[in-house]
Each structure stands twice: as C-alpha cells, then as structure tokens.
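Have a look at the structure below before the remarks.
The values are calculated or read from the model by the stated rules, or taken from the named source; none is laboratory data. Owing to the predicted nature of the structure, the values given are computational and were not obtained by experimental measurement. Here the Cβ is made from the backbone with ideal geometry for all residues, glycine too, and neighbour counts use every protein chain on show. Please note that ligands, DNA and RNA were not included when accessible areas were found on the heavy atoms of the full protein model with its side chains. Shrake-Rupley method; radii C 1.70, N 1.55, O 1.52, S 1.80 Å.
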Amino acid sequence: MVRPQHGGEVWEHSPHLIDFSCNLNPFGPPEETIKIILENMNYIINYPDDQCTHLKSTLSDHLDVPLRNIIVGCGSTELIKAFAEAFVKQNDHVIVCSPTYDEYAFYCQFMGGIVDRVPLREDKEFFLEAESLFELVDGSTRAVFLCNPNNPTSRFESKNKILEVVEECENKSVMVFIDEAFIDFLREGKSNSCVSEVQNHDNLFVSRSLTKIFSIPGVRVGYGVGGEEIIKYMDKARLSWNVGILEQALACGLIGDCHSYLERTVRFVETEKRRMYEKLSCIGGYQPVRPDANFIFVKIKELGVNSTDFKNIMLTHGFLIRDCSSFGEAFSNYIRIAIKKSEQNAGLLEKLKAVSEEILSSGRKKFEAPEKSISKC
Ligand SMILES: Cc1ncc(COP(=O)(O)O)c(C=O)c1O
C-alpha cells in the first residue's frame, strides 16, 4: 500500500510557481479570515472543545440537520478515515469508482478491506453507470463510496441518481459514503446535495469540506452528516481534540456568513470553466472533458507524452498541474487543472498552447521530456 498522491505539493517547488494542481476557491480566503484567526489567537493556550459544540450548532442551523446527525473532522479526510475505521473490517468489500479520489480505497485497504472498482467510462462522459455498480454489490459489500462532483473527472451526478444508489444499497444493507467536497462550487449543488437525505436513509453518510470552497486547506476542518448510529460509531473513531481552536472559530465565522462571497464564486466558476473548456478544446493536443466543477480533466494522449513528463515540462515553465497517472494506469495520459483567476487561466492557456506546438512540431519520437527539475522554475 502506498499513501495516496495529491496535488498542491508547492512546498517542493519554487515560491513563484502557479499552482493549478489544487482545486481551491480562486478568490482566496474570505476577507474576514485573518481577523477571525487573530481574534482567537489568545485562546490557543487551551485545549479545543472536543465536542465542537458551537460549530456543530452553527452547522445544525445552517444545514437544518439535528446536532446528533453531525460530526466534525480534521478536514473531511479524517472523516474518510474514521468511516473506514468504524465500519470496514478484514475482507469486507467496498466499491469505489475508477478514477476517483484515492483516499477511500486507501483507508479501506488499510483496515483490511477489499476494493472493487466500477469504471467511469470516457465514452459515457465519465458519468456513473448505476447498473454496473449494482452488479458489483453482493452479500460481502460493506460500503459504496461516491464522490460528487467526482475528482478528477469533474462530473456531477443528479441527486435522483445518487438516491437511486442509496436506496438500492439500503435494501441490501450496504452503507453509502457521498463525498461532496466540491459541491459548493456548483449553482445546482445545494438542490442536489444529499445532506437533507440523511434522516431518510440510515445507511447514508455525506462528507463536506470547508477547505476547498473557502480556500483554507492549511486550516484543517471539514464535517459530515449521517444517520445517528453512523455518527455515534464514527465519533468513537475520530481523534480526541481533532479540530483545533482556530479551526473551530474560523469555521463558525465563515459558515452562513459568506453569502455574497459564495455567490460571487459560483458565478465566476460557472463562466470561467466554460471559457477555459472552450479555449482548451481549440488547442491541438488537448481533449478536455466538459467540466461540471471548478477543475478540468484533460486528455493529452495526442501530444504523445505521458502526464508525468508533461507535468515536469510545465514545471519548467512555472506551472504546477496535476499528473493523473496516480489514479491508475488508464489515466497516465490525463492531467487535471484548476479554475483560477482569469489572468492566471489566460497565462496557463498561453503556455499550454506554446508547449503543445513545441511538442507537436518537434515530432513525438524526437521529443524528450526534461528530467524533473525544480530549480528551473
Ligand atoms: C474529493 C475530495 N474529498 C476530500 C478531500 C479532502 O479535503 P479536506 O480534508 O481538506 O476537507 C479532497 C482533497 O483534495 C478531495 O479532493
């Protein structure tokens, strides 16, 4: 087992690098972020509230979900781990899509689980084929993990389709984990979220991240909602004092108080992702997948270089993009790029065009990708 790979590894590179590998809010953290952190600095001499009482009550009001259905984590990542620790035991089968966020499979395997993969097919625009998933469900299946919108494909499934899976699984006593880390970036996200369904389906758990939408990944806080029994077990699996004082204060301050920031984000991402997709489609060598979320999955097979070499080429030009080969062999010709500010996106498009022209004109065979070189950035 190897630890999952992620984008955002800026620490390894030049500070001038523009990071398109991490899918964060292009506007950066909301204005009030620093003020809230400074106002709460004096309290770090105490342990944090282990029960996250105030934050849970803020979430309960914001989501209209009872307190007993809410858990808070050190990022939504802790909740993926806690779910696996609470429910997956040796030889239990779990179903995950391919490609999808790697952490579900990783933590389930860590608990001794066996991962069955349901392929998301290019010729189906990477939409989930529920029937293929149902064929994998049997008496040994413990849980199904779905990421909506899905990382890295950027594909968003309707609530009806997700509920179809939840209901089928409920009939077979299989749990369903829905990761909605990127849902706030979509206009149709709120009406399609499964958060409001946790009281109707005992087998359902929904995780949400605050770090993407508020662009605060260095502050570790996320939350999840689920059936009361699920939350009880997961609460035992989480770390004591898992959410720090600054994290709790910041989450309380930002949730429910950022309406115009969120609206501005959704409006911007909506326009910019369409613009980026159209422009990218016109550059030779790139086949972007129509994006639903704030990032674009791009096939680069026509360039004749694999995504690891391509990432290294882009690094020499000062751009960090996500090499998708870690999502599996079949994706070693795919990259993922975030939607950032318009000027940054324009800069990336210009460089992608120049790089593809250089690669295609130098001939696929003759072209040699540089060794991974950080100092050149
Ligand atoms: C789909 C998905 N879910 C969850 C996470 C974890 O987010 P966090 O732990 O910062 O809430 C990520 C991070 O990249 C992600 O891509």
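Counting just the residues of the range 160-216 that are more than 15 Å from the ligand (Cβ to nearest atom) and in a strand (DSSP E or B), which one comes out farthest from residue 294 (Cα to Cα)?
Top of the filtered list is 175.
Going by the structure shown, is residue 329 without any contact (Cβ under 8 Å) to a residue 12 or more places away in the chain, among the acidic types (Asp, Glu) and open to solvent by 10 Å² or more (accessible area, probe 1.4 Å)? It would help to see each step written out before you state the result.
Values: without any contact (Cβ under 8 Å) to a residue 12 or more places away in the chain: yes; among the acidic types (Asp, Glu): yes; open to solvent by 10 Å² or more (accessible area, probe 1.4 Å): yes.
Yes.
Tally time: how many residues in the range 83-96 are crowded, with 21+ Cβ neighbours inside 10 Å and either assigned to a loop (DSSP other than H, G, I, E, B) or within 11 Å of the ligand (Cβ to nearest atom) (or both)?
Count: 1.
Residue check, residue 15 against (1) within 30 Å of residue 297 (Cβ to Cβ); (2) open to solvent by 70 Å² or more (accessible area, probe 1.4 Å); (3) assigned to a helix (DSSP H, G or I), all met but one. Which one?
Looking at each condition in turn, residue 15 falls short on (3).
Only one of (1) within 16 Å of the ligand (Cβ to nearest atom); (2) at positive phi fails for residue 148. Which number is that?
(2)
Out of all the residues in the range 237-261, which are within 16 Å of the ligand (Cβ to nearest atom), surrounded by fewer than 20 Cβ atoms within 10 Å (Cβ to Cβ) and of a type in the set (Gly, Ala, Ser)?
237, 244
Pick from 289, 219, 266, 298: which is open to solvent by less than 10 Å² (accessible area, probe 1.4 Å) and of a type in the set (Val, Ile, Thr)?
Answer to the selection: 298.
For residues in the range 221-236 being among the hydrophobic types (A, V, I, L, M, F, W, C) and touching a Leu at 6+ places or on another chain (Cβ under 9 Å), which is farthest from the ligand (Cβ to nearest atom)?
Among residues in the range 221-236 that are among the hydrophobic types (A, V, I, L, M, F, W, C) and touching a Leu at 6+ places or on another chain (Cβ under 9 Å), the one farthest from the ligand (Cβ to nearest atom) is 230.
Go through the range 116-144 and give me each residue that's touching a residue at least 60 places away in the same chain (Cβ under 8 Å) and open to solvent by less than 40 Å² (accessible area, probe 1.4 Å).
Result: 126, 143.
If we scan the range 59-82, do we find a residue that is within 14 Å of the ligand (Cβ to nearest atom), charged (D, E, K, R) and not in a helix (DSSP H, G or I)?
no
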